[in-house]
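What follows is calculated from the coordinates using simple rules that are stated; it is not laboratory data. This one's a predicted model, so the numbers in the text were calculated from it and none came from an experiment. Methodologically, a virtual Cβ is constructed for each residue, glycine included, from the backbone with ideal geometry; neighbour enumeration extends over all protein chains shown.
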Amino acid sequence: MIGVAVLGSTGSIGLSTLDVLARHPERFRVVALTAHRNVERLAEQCRRYRPQVAAMADPDAAARLASLLGGMPGAPEILSGVEGLEQVAVLPEAGYVMAAIVGAAGLRPSLAAARAGKRVLLANKESLVMAGALFMDAVADSGAELLPIDSEHNAIFQCLPGGFRAGLAKVGVEQILLTASGGPFRDWPTDRLATVTPAQACAHPVWSMGQKISVDSATLMNKGLEVIEACWLFGTGPERITVVVHPQSTIHSLVQYKDGSVLAELGNPDMRTPIAHALAWPERFDSGVAPLDLVAVGRLDFQAPDPARFPCLQLAFEAARAGGSAPLVLNAANEVAVAAFLEGRVDFPGIARVVAETLQSTAIQSVEGQGLEALIALDQQARATAEQIIVDVPG
């Protein structure tokens, strides 16, 4: 029995992970669950999966969870705060850690799992965007297994031969093709984008996701962050990565080789597929996802992303090329801008404006040799700059 800790168990990735784990009770045991402040859902999960530890990032929520579970036989130990999340990530009983906390909040526990030598199922792309060198060094030093959960990176992983981390050129890769659905506004006239509401931005046409990642998918910033993540995962630069809009989301990404071959991973758009792949790797087992019916799909369309409609994608490529602290600043500004959009403090195009102005207003510096605390300090500075930009130029 392999013990699994699920960081972010109440979110969409966490729920899908628990669904896959429940299909293989002879193989996996849920040893720990965490959430931010969704007390009721985490309490329900604890009653069903009986973890030995549960943690909530919000201390008040942890107290409410303890109250709800106080009378339950075999109630889990309740932890709280960032320290509690880190404790879960390094539990000796957890051989596998699903890192599915959204945003910068997932960096500390994801890094803790990597440093502890776990099999890290990485759904928290921000860990690599903010601290790629630090994270990859931790993986190498501890002997951790790092398996990507984002459907695009998992697809690339499946299309590459062993030893790819030595560099894509050495295995004959010409380029990586990251697919993007294009979100709900890929066909909208650009002059309509200022009217976009948070509800419209969160209504993704293909995937079922949380609010923040849904907005990122609508701006294509999510794809930009994935470009940076792919650079770290696969040991390459942004010049070998191309983004292609593919509305059906049937092809999850492709790898083009020097001999003219292009390998693609196809499947129904369901996150249980990459989750099951990473849990079973190097084997395969049932994920609960229906087989792909190509006749029903009927057609596969592709187009280049429109830079006027998706300026965030260009900003991400520029940050990837600049290196240093630029990706970290990009991510921090985007998290602030998306929160402001969801709160009605900036309009939809304002997300890109805030990110661009934050990058322009921030001195990009080398992060070589920087520790975690220094990176978090840079993150906080960038967030403060972005907030000030929103205050000074609302809308």
Next item on the list: Mind ranking 356-367, 143-154, 183-194 by how tightly packed they are, going by the mean number of other C-beta atoms within 10 angstrom, highest first?
Entry: 143-154, 356-367, 183-194
Checklist line | Inter-site label distance for W281 and A199 at 7 Å from Cα along Cβ, in nm | finding: 4.0 nm
Item checked: Packing-based ranking, highest mean first, of 218-225, 56-63 given that Cβ atoms within 10 Å are counted -> 218-225, 56-63
Check: For the chain, what proportion of DSSP beta bridges, expressed in % and rounded to the nearest 5, is antiparallel?
Finding: 25 percent
Check: Between Q381 and V262, what length comes free when the chain is fully extended (0.36 nm per residue of separation minus the Cα-Cα distance, one decimal in nm)?
Finding: 38.6 nm
Check: Which value in deg cm²/dmol, rounded to the nearest 500, describes the helix-derived mean residue ellipticity at 222 nm for the chain, given -39,500 (n - 2.57) per DSSP H run of n ≥ 4 and division by the residue count?
Finding: -14000 deg cm²/dmol
Next item on the list: Report, by chain and number, residues whose modeled amide H sits under 5 Å from the one on G182, excluding near sequence neighbours (fewer than 5 apart, same chain).
Entry: H246
Notebook entry, point to check: Around P327, with a cut-off of 15 angstrom between Cβ atoms, what is the net charge of the other residues, counting Lys and Arg +1 and Asp and Glu -1?
Noted result: -4
Next item on the list: Determine the sum of side-chain charges near A340: Lys and Arg each +1, Asp and Glu each -1, restricted to other residues whose C-beta is under 15 angstrom from that of A340.
Entry: -3
Checklist line | FRET efficiency, E318 to M72 (Cβ-Cβ, R0 35 Å, nearest 0.05) | finding: 0.10
Item checked: 10 Å-binned pair-distance histogram of region 1-160 (Cα, whole percent) -> 12, 43, 34, 10, 1, 0
Next item on the list: Any chance you could run the full-extension gain for V82 through E145? It's 0.36 nm times the residue separation minus the Cα-Cα distance, nm to one decimal.
Entry: 20.4 nm
Next item on the list: Find, among the GluC sites (Glu not before Pro) in region 1-99, those assigned to loop by DSSP (not H, G, I, E, B) with at most 16 other beta-carbon atoms within 10 angstrom.
Entry: E26, E93
Checklist line | Whole-Å distance, taken between Cα centres, linking region 47-89 and region 238-259 | finding: 41 Å
Margin query: Students often check this: by mean Cβ neighbours within 10 Å, which of 312-324, 2-14 ranks highest, and how do the rest follow?
Written below: 2-14, 312-324
Next item on the list: Would you tally the net charge around L68, using a Cβ to Cβ cut-off of less than 10 Å, leaving L68 out, and scoring K and R as +1, D and E as -1?
Entry: 0
Next item on the list: Enumerate the calculated ³J(HN,Hα) couplings along region 361-369 in order (Karplus 6.51 cos²θ - 1.76 cosθ + 1.60, θ = phi - 60°), each rounded to whole Hz, writing x wherever the residue is Gly or Pro.
Entry: 8, 10, 6, 7, 10, 5, 10, 4, x
Notebook entry, point to check: Among G182, Q158, A144, whose Cα lies farthest out toward the positive end of the dipole of region 107-217, if unit charges sit on the beta carbon of Lys, Arg (+1) and Asp, Glu (-1)?
Noted result: A144
